[in-house]
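Q: Quick one: structure below, then a few questions.
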Amino acid sequence: MSSNVHGVRRLEYDASAGTLTNRVDVLASIAGNGIAFHRDDQGRDNLYLVEGYVSSSDSSLRLSRLWRVVDQDGDGVFGSAGDVSVVIAWGIPRDDHGLNHIQVLGDSLFLGSGVRTRNGALQTFSGDSFGESAFGGATLTIDDLDAVGETANAAGFAAYPEHPDATAYADAIDGTAAGSELPFTTTATDKLRVHSAGTRNPFGLAFDGSGVLWFTVNFHRVNNAVYDRSVLDATAEGDAFQGSSHDDVHDQLFRAAARADYGYRNSNWQEAAMAQAAGFFTGVGDPALLTPAHSFDNLDQDGPGGPDLDSLHPAWNALHVPASPEGLGPSSALTGLDFGGPGLPPRYRDHAFVARWNGQNGIIDGLDYRDVVLVHPVTGAVERVAAGFNSPTDVLADAAGNLLVVSYYGSVWRIRSIAAIPIWGDAPVLGSLALAVLLALTGGLGLGWRGSRAAAASISS
C-alpha cells in the first residue's frame, strides 16, 4: 500500500483468515496516493508510484512526478540493491491537487490528475494566478509502458522541467512554453498524455469486469457559481439550503472515454486551438457533447442541449440524505472505487463500490460521510452498504468476495460476503451480500444491510 506519510508498505494478506501480517516498509522515501503493478515484456515486475514534491529552484512551487521501480533481480522486493528506480515523468504542476490513483490494464497505465487550482481557473491556496495546466483536471495515460525507456523523464516533456523557477512554471501552465501543449496533442505511445479532460479532482480509478475504466470525481468545495461553465449564464443551479456547498452539485462517477469532456472547466486550455483540434473540450461549443455523470449529480449539463436534465429528478433542489442517498452527495469527498468481482453474490458482481469521507475538509452543511456506497452499473442508483467508519480512503475487492476498506489513520477493514441468515421470519436467501455497519472507533458490530446478519473485523491498525 502507498501512503503520503509512510511511503510504500507491504503486508501479507490471508483472505480466508482475514489477516494482514508481516508489515515491511519497502520504499519509505516515495510518499504519495497512487500505486500499481505491471509485468513488462522482459518478465520483470514493475511498481509505479506517484509523489508530490517542491521545486528546488523555488520552494513555493509544488509539483508531481511518476516513478517506476523495477524488480531487476527478481527477488520480489522493490528497491533492493540492483533494482532500477527512475522518475519517468516529472514537473507536472500541482498546488491544491496533483497526481493520485493509478490503474494498469495490459500494457497501458491510467492516472488521475486533479486541478492545481481550486476551481479550474486562477484561484490557488498559495495565491498564484498562473491558471490551470494542461495536465490539470484530467485522466492521463501512457499507452505502452514497455515503450517507455528507463531514463529520467522518459515519459515526460521538456516544457515541464523537474525543478522550474517561477517563470518556467508559469510558461508551462499558460501555454507560453514551446511544447507545453504536448499532453493534448502527442500521439506517442511512450508519453504521459491526456486521455480525457474536464474534471476537478478525479480521485479513484478502477476497471470493471469488461475492462472499462471508471473514475470518481470530487466536484467542488466552494460556491459553484464562481466556476460554473454554463453556455447559458453563470447563475447557481438547484441550491437546496443556501449553505457552503452552494449549488449542491454532487461528487460524481464517470465511465471514462478517450477525449471525453466531463464538463468541468480548464480556463487556460479549454478554448486553446491546439487542444480542441486534438479532440478535447468538445462540450465548450456544444453541451450535447458533454459526457454526463453516471449517477444523479444535481447538475443540468447546461440546459436543453445538454446530455442530462437532472432538474427533472425528484432529488433536484432537495437536501441530500447520506443514509438513503440519491446520487453520491455534495462535497462527499469520494476517496476510493472498485468493482465487485466474481467472488461476490451475483446481484453485486460488477457493481461499483465507492468510499466517501469528508472528515479531512470538515463537515459541510451538516452532511457527514463516512461510509461505502454501491452504485448500479446501468441505472446509476446509489445505496449505502456500510457506515460508521472513521476515515475511509480507499476500497478494494479481493478475489474471495471480500471488500477491503483502508482508513486514513492506518486501519484496514474487511467487509465479508456471507449467505444471508433469515431473521424476523424471513425466508432464506442464499448467496446474499451481508455488509456490516462498522464502528471503526469502537470496533463494534451491528446489523448489516437489508436485515442480514454480518461479520466484520478490523484486520490491521
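The values are calculated or read from the model by the stated rules, or taken from the named source; none is laboratory data. Please read all numbers here as calculations on a predicted model, not as lab measurements. FYI the Cβ positions are ideal-geometry reconstructions off the backbone, even for glycines, and counts take in every protein chain you see.
Q: Is it true that some residue in the range 188-205 is in contact with a strand residue (DSSP E or B) (Cβ under 8 Å, 6 or more places away or on another chain), surrounded by fewer than 18 Cβ atoms within 10 Å (Cβ to Cβ) and within 27 Å of SER59 (Cβ to Cβ)?
A: The answer is no; no qualifying residue exists.
Q: Same structure again: Need a quick list: strands (runs of 3 or more DSSP E) entirely within the range 3-50 having at least 3 residues that are more than 22 Å from PRO202 (Cβ to Cβ) and of a type outside the set (Lys, Arg).
A: 7-14, 19-27
Q: Cβ-Cβ distance below 8 Å, separation of 6 or more or different chains: which pairs start in the range 164-189 with a residue that is more than 13 Å from ASP128 (Cβ to Cβ) and in contact (Cβ under 8 Å) with a residue 12 or more places away in the chain and end on one that is of a type in the set (D, E, K, R) and part of a loop (DSSP other than H, G, I, E, B)?
A: GLY175/GLU181; LEU182/LYS191; THR189/ASP143; THR189/ASP144
Q: Same structure again: Just to be sure I understand, how many residues within the range 396-418 are surrounded by 23 or more Cβ atoms within 10 Å (Cβ to Cβ) and within 16 Å of ASN33 (Cα to Cα)?
A: Result for the range 396-418: 1.
Q: Within the range 37-50, count every residue that is free of Cβ contacts under 8 Å to residues at least 40 places away in the same chain and either under 20 Å from the mean Cα position of the chain (by Cα) or surrounded by 13 or more Cβ atoms within 10 Å (Cβ to Cβ) (or both).
A: Summing the residues that are free of Cβ contacts under 8 Å to residues at least 40 places away in the same chain and either under 20 Å from the mean Cα position of the chain (by Cα) or surrounded by 13 or more Cβ atoms within 10 Å (Cβ to Cβ) (or both) in the range 37-50 gives 4.
Q: Show me the strands (runs of 3 or more DSSP E) entirely contained within the range 266-378 in which 1 or more residues are at pLDDT 90 or above, polar (S, T, N, Q) and under 24 Å from GLN103 (Cα atoms).
A: Output list reads 334-339.
Q: Follow-up. Has the range 384-395 got any residue that is in a loop (DSSP other than H, G, I, E, B), out of contact with any Lys or Arg (no Cβ under 8 Å at 6 or more places or on another chain), among the polar types (S, T, N, Q) and crowded, with 19+ Cβ neighbours inside 10 Å?
A: Checking the range 384-395: not a single residue is in a loop (DSSP other than H, G, I, E, B), out of contact with any Lys or Arg (no Cβ under 8 Å at 6 or more places or on another chain), among the polar types (S, T, N, Q) and crowded, with 19+ Cβ neighbours inside 10 Å.
Q: Could you list, in sequence order, the residues of the range 357-381 that are closer than 19 Å to VAL217 by Cβ and touching a residue at least 60 places away in the same chain (Cβ under 8 Å)?
A: Passing the criteria: ASN361, ILE364, LEU367, VAL372, VAL375, PRO377, GLY380, ALA381.
Q: Any residue in the range 140-148 that is modelled with pLDDT under 95 and either crowded, with 23+ Cβ neighbours inside 10 Å or not in a strand (DSSP E or B) (or both)?
A: No - not one qualifying residue is present in the range 140-148.
Q: Shifting gears a bit: Would you say SER129 is among the polar types (S, T, N, Q), without any contact (Cβ under 8 Å) to a residue 24 or more places away in the chain and part of a loop (DSSP other than H, G, I, E, B)?
A: Criteria met by SER129.
Q: Okay, next question. Would you mind finding the one in VAL5, VAL26 that is among the aliphatic types (A, V, I, L, M), closer than 30 Å to HIS163 by Cα, surrounded by 12 or more Cβ atoms within 10 Å (Cβ to Cβ) and modelled with pLDDT under 90?
A: VAL26
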